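Below is the structure I would like to discuss, written out as structure tokens.
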Amino acid sequence: MTNGLGAWGLRAGSALAVLLFCMIQPASAGEAHKRLADAHALVSTDASVSSRPAPPSTRRPASSSAKGPYYVDFRARTAASWGHAFVWYGKTSERAVEVAGLTPAGDTLAYVLGHLTWVPSETGASYGDLDPEYLTASYRVYLNEPDARRVFAYIKQLQASSPVWNAETTNCTGFIGNIAGFMGLKVPPRWQRPENFVNSLKQMNGARRMVQLSPEQ
């Protein structure tokens, strides 16, 4: 009985020694496997976190979220007399802009005569339209591409069909007012200073950023 117990104890001791040897001997390999397992667990945790929906943000959305790819900017600037109203229009991703406005063609004499009668006009950029230091008011609205094509075509058509300027009837505020009306915006009275006209246009339309035209008939 004693010999049996001794033999069993010897075998158990040998097995324990082998087990301890196996656990101790490859310690570096086991550590490497543990680090690898920990790394996989970390990646899995990160992937799990990144796949969760983000919590609602309390920050104010960036202005770009209210932008379309195209724009029309109703603008006013200083001038020798009452000022001038005009529009910038183009693509938000491009620095180049198109300018349209109604001014008397020629020098000061044409401007003076334009208060008495109709004089030949120009409908492109005039002096100061591209200079920010002269800007007194601005109201920019954004458009999707199909609507922008329609509005830009209308602006070109309006330029081609506006051969004369008159201070009281066919003037710069009336010109950009026609563009605003085509876009479906509320248009203020046109016989006021360009700066007041643009600010009133913005106020009457609630400073809305996006404009969507009604479907073509």
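The values are calculated or read from the model by the stated rules, or taken from the named source; none is laboratory data. This is a predicted model, so every value here is computed, not measured. A quick note on method: Cβ atoms are made from the backbone with ideal geometry, for glycine too, and the neighbour counts reach across all protein chains shown.
The rows are residues; the columns are (1) part of a helix (DSSP H, G or I); (2) modelled with pLDDT of 95 or more.
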position: A100; (1), (2): no, yes
position: A110; (1), (2): yes, no
position: T117; (1), (2): no, yes
position: Y139; (1), (2): no, yes
position: I155; (1), (2): yes, yes
position: L158; (1), (2): yes, yes
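Is it true that some residue in region 196-216 is in the same structural domain as D147 (by TED's automatic domain parsing), surrounded by fewer than 13 Cβ atoms within 10 Å (Cβ to Cβ) and closer than 30 Å to A105 by Cα?
Taking every residue of region 196-216 in turn, none turns out to be in the same structural domain as D147 (by TED's automatic domain parsing), surrounded by fewer than 13 Cβ atoms within 10 Å (Cβ to Cβ) and closer than 30 Å to A105 by Cα.
Out of all the residues in region 106-122, is one or more free of Cβ contacts under 8 Å to residues at least 12 places away in the same chain and within 17 Å of V198 (Cβ to Cβ)?
Within region 106-122, not a single residue is free of Cβ contacts under 8 Å to residues at least 12 places away in the same chain and within 17 Å of V198 (Cβ to Cβ).
Between a residue in region 127-139 that is closer than 11 Å to V198 by Cα and assigned by TED's automatic domain parsing to the domain that holds S81 and any residue that is modelled with pLDDT of 95 or more and in a helix (DSSP H, G or I), which pairs come within a Cβ distance under 7 Å, given they are 6 or more apart or on different chains?
T136/E195; A137/E195; A137/V198; A137/N199; S138/V198; Y139/V198; Y139/L201; Y139/K202
Residues in region 164-188 that are crowded, with 17+ Cβ neighbours inside 10 Å, of a type in the set (G, A, S) and outside any loop (DSSP other than H, G, I, E, B): how many?
Residues meeting the conditions: 3.
Right, here's the next one. Among the residues of region 178-193, write down those that are within 19 Å of A100 (Cβ to Cβ) and within 24 Å of the chain's Cα centre (by Cα).
Hits for region 178-193 are I179, A180, G181, F182, M183, G184, L185.
crowded, with 18+ Cβ neighbours inside 10 Å, hydrophobic (A, V, I, L, M, F, W, C) and within 21 Å of the chain's Cα centre (by Cα) - does that describe any residue in region 154-163?
There is no residue in region 154-163 that is crowded, with 18+ Cβ neighbours inside 10 Å, hydrophobic (A, V, I, L, M, F, W, C) and within 21 Å of the chain's Cα centre (by Cα).
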